[in-house]
Amino acid sequence: MHPIYLDHNATTPLAPEVLAAMDPFLRGQFGNPLTAHRFGAAPKAAVEQARLDVLSLLGPHAADVFDVVFDSGGTEALNHAIKGLAFRALVGGRAGTRRRIVIGALEHYAVAGSARWLAERFGFDVVEVAPGRDGVVPVDAFAEALDPSTTLCASLMWANNEIGSVQPVREVGRLCREQGVPFIVDTVQCPGKIDLSSAPDVADVFAFSAHKLYGPKGVGAIVVRKGLALDALVHGASQETGRRGGTHNVASIVGFAAAARMAVEGLAHEAPRLAKLRDQLWAAIDPKIEHAHWNGRGAPLLPNTLNVSFDGCPSHALAEEMDRRGVAISQGAACRSGAITPSHTLAAMGLSENRSTTSVRVSLGHATTAQDVHDAADAFAESVRAIRASR
Ligand code: PLP
């Protein structure tokens, strides 16, 4: 059996079309876009076109509403969003009246870590709104946490990376807009999987990372509503109109743009294909393996993501057994691989420690076939049997 990669929420392989788009900028077109001579012209034009391509992820009219700031990826974008707003709100070096930061309790560490650091360092208040057992943050609970007179900003991911639950960002966005609270949405896991074209009516800031959509690693963007002021985190020359210094990573930005175009063009075909394969995988696992649980089932989910727990099978042991059988899956979020701590997402959902320490994430992608899903289900059955027999 060839190795089967089912960890696309951790990262995706570079698409050949993306590599082809990058190629000229890794060779002849090496100029700095900031330079006025002929060598800078094509790279500059490519970066400007890339902005439009990235914005097309957020619908056909996004360029009228938002600016793009290229950066190193999702983590930087989310740090920039939260810290960029917070730094502007400091009064005498401390949090002022607008001190509350409201976030979902299943946000990526880039959001939660930034918010908690701001609380520790500058005295901001962080309110984390717990999801229900389905992994969806209730709108009412978020509404209760928003206090228009003291809230600096709110942040809720459009879709969760671990269980794939899609959050009620439209409803929360409406509340934020009514209350004048800037709303940050982590869209890192969404391109090519769910439609983001309502974005102009949803939020003020979005975060993207090229390596989640078959683009290169180390490049991404923060998309900011025109007129919303954020302090820069990376000071330098005048790149990105002073919002993020540093010479543009032109080839990677061009690759990101190519990946964004592919995500937009492929969505209508790829999302239902992935959902069908995901459902086939569960349909194959469920009758084969006793005491298997699909975490987040029933919630609106990313089409490619299946988070499952198997009683008696610790996440790391199962991921290892699967790897031995040639199937790569994640024991919870990839950034924590190696650590045997319960998934913070499943814990926030109120699932038992037993359930959250036995969960694994399967995330399908472009290359996944029905045969892969069939083979993965067999590998699950064998792996679970082996682990249960050894305990
Ligand atoms: N947000 C989500 C939902 C993610 O899944 C990730 C990566 O796992 C990030 C943010 C961070 O993105 P990057 O890897 O580009 O720093």
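The values are calculated or read from the model by the stated rules, or taken from the named source; none is laboratory data. Not measured: the values here are computed from a predicted model. Glycine gets a Cβ as well: all are built from the backbone with ideal geometry, and neighbour counts include every protein chain shown. These area figures cover heavy atoms from the full protein model, side chains too; ligands, DNA and RNA do not enter into them. Shrake-Rupley method; radii C 1.70, N 1.55, O 1.52, S 1.80 Å.
So if R0 is 41 Å, what FRET efficiency would A370 and R225 give, r being the distance between their Cβ atoms, rounded to the nearest 0.05? Intermediate values should be presented prior to the final figure.
Details: r = 42 Å, r/R0 = 1.02.
Once rounded, the FRET efficiency stands at 0.45.
So if I take the centroid of the Cα atoms in region 87-141 and the same for region 25-65, what is the distance between those two points in Å?
If we compute the Cα centre of each part, the gap is 34 Å.
Roughly what would the spin-label model give for S197 and D378, points 7 Å off Cα along C-beta, in nm?
Taking the simple label geometry, S197 and D378 are separated by 4.1 nm.
For Y214, Y5, write out the residues from largest to smallest accessible area, computed with a 1.4 angstrom probe and no ligands counted.
Y5, Y214
Efficiency by 1/(1 + (r/R0)^6): what FRET value for R88 and F30, r their Cβ-Cβ distance, R0 = 56 Å, to the nearest 0.05?
Calculated transfer efficiency: 0.95.
How much area per residue is accessible in region 16-262 when the probe is 1.4 Å and only protein heavy atoms are counted (Å²)?
Accessible area per residue: 39 Å².
What share of Cα pairs, in percent, lie more than 19 angstrom apart in region 1-148?
In whole percent, the share of Cα-Cα pairs in region 1-148 beyond 19 Å is 71.
Taking only the alpha-carbon positions of the chain and ignoring solvent, what does the Debye formula give for the base-10 log of I(q)/I(0) at q = 0.08 Å⁻¹?
Rounded to two decimals, the profile gives -0.42.
In Å³ and rounded to a whole number, note down the convex hull volume per residue for the Cα atoms of region 202-287.
Looking at region 202-287, the number lands at 146 Å³ per residue.
Would you compute, from DSSP H runs of 4+ residues alone, the mean residue ellipticity of the chain at 222 nm, taking -39500 (n - 2.57) per run and dividing by the full residue count, rounded to the nearest 500?
Value at 222 nm, helices only: -13000 deg cm²/dmol.
Determine the percent antiparallel among the DSSP beta bridges restricted to region 16-262, to the nearest 5.
50
What is the extension gain from D125 to S352, computed as 0.36 nm multiplied by their sequence separation minus the C-alpha to C-alpha distance, in nm to one decimal?
Stretched out fully, the D125 to S352 stretch lengthens by 78.9 nm.
Take the residue pairs K83/K193; K217/K276; K212/K288; K44/K83; K193/K217; K83/K226 and return only those whose Cα atoms are more than 24 Å apart.
K83/K193; K217/K276; K212/K288; K44/K83
Given points 7 Å out from each Cα along the Cα-Cβ axis, report the D64 to A386 separation in nanometres with one decimal.
Each label point is offset 7 Å from its Cα along the Cβ direction, giving 5.7 nm.
Which order, highest average first, do 69-82, 267-280, 174-187 follow once you tally other Cβ atoms within 10 Å for each residue and take the mean per peptide? Please report the intermediate quantities before stating the final value.
Values: 69-82: 25.1, 267-280: 16.0, 174-187: 20.8.
Listed from highest to lowest mean packing, they are 69-82, 174-187, 267-280.
Over the chain, with every protein chain in place, what whole percent of the accessible area is carbon and sulfur at 1.4 Å, could you tell me? Write out the running numbers ahead of the final one.
Numbers: 8470 of 15630 Å².
For the chain, the apolar C and S fraction of the accessible surface comes to 54 percent.
A41 versus E320, label points 7 Å from Cα toward the beta carbon: distance in nm?
Distance between the two pseudo-spin positions: 6.0 nm.
For region 70-136, what class follows from the C-alpha gyration tensor (a ≥ b ≥ c being the square roots of its eigenvalues): rounded when a/c is under 1.5, otherwise prolate if a/b is larger than b/c, else oblate?
Oblate.
Under 14 Å from a point placed 7 Å out from the Cα of A237 along the Cα-to-Cβ direction: which residues of region 38-53 have their backbone N that close?
Of the residues in region 38-53, 38-41, 43-44 have backbone N under 14 Å from the label point off A237.
How much net charge surrounds A45 when only the other residues with a Cβ under 15 Å from the Cβ of A45 are counted, with Lys and Arg +1 and Asp and Glu -1? Each step should come with its number before you reach the end.
Details: positive: R38, K44, R51; negative: E48, D53.
Taking every Cβ under 15 Å from that of A45, the sum is +1.
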